[in-house]
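Scroll down for the structure; my scribbles are underneath it.
We did not get these values from a lab; they are worked out from the coordinates using the rules stated. All figures in this text were calculated on a predicted structure; none of them were measured in a lab. Cβ sites come from the backbone with ideal geometry, for glycine too, and all protein chains shown count toward neighbours.
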Amino acid sequence: MSFLTRRKPIDQVTVHEAGHRLKPTLSWPHLVALGVGGIVGTGIYTLVGVGAGLAGPAVILSFVIAGAVCACAALAYAEMATMMPAAGSAYTYSYAVLGETLAWVIGWSLILEYTVVCSAVAVGWSAHAQPFLLGLGAPPALLAGPEAAGLVNLPAVLIALVVAGLLILGTRESATVNVVLVVVKVAALLAFVLLAAPAFDPSHFSPFAPFGLARESAQGMKVGVIPAASLIFFAFYGFDAISTAAEEARRPGRDLTIGIIGSMLACTVIYMAVAAAAIGAAPVDVFARSEAPLVFVLDSLRQPLAARLVAGAAVVALPTVIMVFMYGQSRIFFVMARDGLLPRGLAKVSRRTGTPALMTAITGLISAAIAGVLPLKQIAELANAGTLAAFVAVAVCMMILRRREPTRPRPFRAPLWWAVGPLAVAGCLYLFANLPRLTQVWFLAWNLVGIVVYLAYGRRRSRLAAAGG
């Protein structure tokens, strides 16, 4: 039963043989853009409407709660990523601190998170692209999945495959494209705030919290500030994808800290401004029903040109979110294969680009398949479950290492770690408890399948097992 507790030595986390090592090509501006590109996306362009439907105007508090939990987790991530600058994010930290079995569970959860995030954003992108595609004569049946009375959401499928192709071309090339698209995306959101501000109506904020903190609706659905925060949580994570780029950072100690903390601060300010402007400009019960609420608000303000420009910016820039998470997913797959928990043949990198091209292609295909048939809300909630598990693991790893190895060098030290760690764990567990019951069941079922895969393959094939660990 040694596989339950065997751990990878921290000093060996960054040591890899030739052909299985990623190329360091990224600096801190790339990492900040990676974080902003991952955080600002479907969450604010689309889920702000869904969240408002659950919480009313108090969705602003939902943003605060979700952002506070993510801020605590971000501090823990910054400490762990700079201490262990290797690809793999929460999976790698868990392997070195909690042991192989728990690391597998976290890695398996990250696979779920990153794959379905790519799918969710692809569906959100499709919602913004549909008016343009319908204008070009595209058949409606190919613009939505079966849940929306269509055959397949073909635009969502295609954008997932296009992004995968771009990532295969190379990390630095795709990161440079990401920087340009992030600028477009943020500029569009700032334009929305400026255009909506003159129509601000304080009466739209009353009643502020019609469903309270949390309760069940007449239809048996969880509503209120906390359930909305559990969903909106999807809008804040993305900084964790930066930690998957640790191995490809040129100066990890400096670049990762700036990337993780900087992107979280920037995005929190952007989110609060956009949510307040949207609610002030249009009644919540009206725009909450739209899959593209910001575009809807501008249309209601008789700003058709601005609405089309914001929708166009979303069409151009939302793929940055797919890019960030597909990048992270391929690295998680890659590192688990490099450790022997998945077939080692999957851990090869391209000689030309230094990227895991095979794993990127597989990730693209799976994400495209999910995006083609499932609706946004179900995908987003399932992604949140995997993320919450990873955040808990990183906070726990940080706290254990503070006790186990207090003198180990830490390029970044989380302030008040004794408070930040427990707050991150408690906040994530509370948000998980407020996810829909079906989402919790699917998450547990996914991990039961993962345990079977690990017991049948990974525990005997891992490099630690081969070394007699």
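Assign one of three labels to segment 418-459, namely rounded, prolate or oblate, based on the Cα gyration tensor with a ≥ b ≥ c the square roots of its eigenvalues; rounded applies when a/c is under 1.5, prolate when it is not and a/b is larger than b/c, and oblate otherwise.
Oblate.
Taking H placed 1.01 Å from N in the peptide plane, check which residues at least 5 places from LEU342 or on another chain put their amide H under 5 Å from its amide H.
Those lying under 5 Å, H to H, from LEU342 are ALA337.
Once the Cα atoms of helix 252-281 and of the chain are each reduced to a long axis, what angle between those two axes, in degrees from 0 to 90 to the nearest 10, is obtained?
20 degrees
Return the FRET efficiency for the residue pair SER206, MET272: r is the Cβ-Cβ distance, R0 is 22 Å, and the value is rounded to the nearest 0.05.
That gives a FRET efficiency of 0.70.
Given the DSSP H assignment, sum -39500 (n - 2.57) over each helix run of at least 4 residues in the chain and divide by its residue total; what's the result at 222 nm in deg cm²/dmol, nearest 500?
Result for the chain, helices only: -21500 deg cm²/dmol.
Hey, got a sec? Which chymotrypsin sites (Phe, Trp or Tyr not before Pro) in segment 45-99 land in a DSSP loop and have at most 15 other Cβ atoms within 10 Å?
Answer by residue number: there is no such site.
Could you give the distance between the Cα centres of segment 267-320 and segment 84-146, to the whole Å?
Cα centroid to Cα centroid, the span is 23 Å.
How would the chain be classified by its alpha-carbon gyration tensor: rounded, prolate or oblate, with rounded meaning a/c under 1.5 and the a/b versus b/c comparison settling the rest?
Judged from the Cα gyration tensor, the chain comes out prolate (a/c at least 1.5, a/b above b/c).
Going by C-beta contacts inside 10 Å, put SER243, SER126 in order with the fewest on the left.
Sorted ascending by nearby Cβ count, the order is SER126, SER243.
Assuming a ≥ b ≥ c are the square roots of the Cα gyration tensor eigenvalues, decide whether segment 59-207 counts as rounded (a/c under 1.5), prolate (otherwise, with a/b larger than b/c) or oblate.
Oblate, because a/c is 1.5 or more while a/b does not exceed b/c.
Report ³J(HN,Hα) in whole Hz for each residue of segment 341-346, in order, from the Karplus equation J = 6.51 cos²θ - 1.76 cosθ + 1.60 where θ = phi - 60°; Gly and Pro get x.
6, 10, x, 4, x, 7
Starting at the first residue of segment 204-215, write each ³J(HN,Hα) from the Karplus equation 6.51 cos²θ - 1.76 cosθ + 1.60 with θ = phi - 60°, in whole Hz, x for Gly and Pro.
So the J values, rounded to whole Hz, are 5, 9, 10, x, 6, 10, x, 10, x, 6, 6, 6.
Can you give me the long-range amide H partners of LEU143? Hydrogens built in the peptide plane at 1.01 Å from N, cutoff under 5 Å, separation of 5 or more residues or another chain.
Those lying under 5 Å, H to H, from LEU143 are LEU151, VAL152, LEU154.
Divide, for segment 153-261, the radius of gyration over alpha carbons by 2.2 N^0.38 Å, where N is the residue count.
Rounded to two decimals, the normalised Rg is 1.53.
Under unit Cβ charges (Lys, Arg +1; Asp, Glu -1), what dipole magnitude, rounded to 20 debye, does segment 203-318 have relative to its Cα centre?
180 debye
Quick one: which residues, 5 or more positions from LEU213 or on another chain, have an amide H under 5 Å from its amide H? H modelled 1.01 Å from N in the peptide plane, none for Pro or chain starts.
VAL225
Would you mind calculating the relative contact order of segment 81-208 from Cα pairs under 8 angstrom and at least 6 residues apart, reporting the percent as a whole number?
Normalised by residue count, the contact order of segment 81-208 is 12 percent.
Which of LEU133, LEU444 comes first, and how do the rest follow, when ranked by fewest Cβ neighbours within 10 Å?
LEU444, LEU133
Can you list the HN-Hα couplings for segment 178-193, worked out from phi with the Karplus curve (6.51, -1.76, 1.60; θ = phi - 60°), rounded to whole Hz and with x for Gly and Pro?
Each residue's phi maps through the Karplus curve to give 4, 4, 4, 5, 5, 4, 4, 5, 5, 4, 5, 5, 5, 4, 4, 4 Hz.
Relative contact order, percent, of the chain when contacts are C-alpha pairs under 8 Å separated by at least 6 residues?
Reported as a whole number, the value is 34 percent.
How charged is the neighbourhood of MET359? Take every other residue with its Cβ under 10 Å from the Cβ of MET359, and add Lys/Arg as +1 and Asp/Glu as -1.
Combined, the nearby Lys, Arg, Asp and Glu give +2.
Mind checking the angle between helix 319-338 and the chain's longest principal axis? C-alpha axes, 0 to 90 degrees, to the nearest 10.
Orientation of helix 319-338: about 20 degrees from the principal axis.
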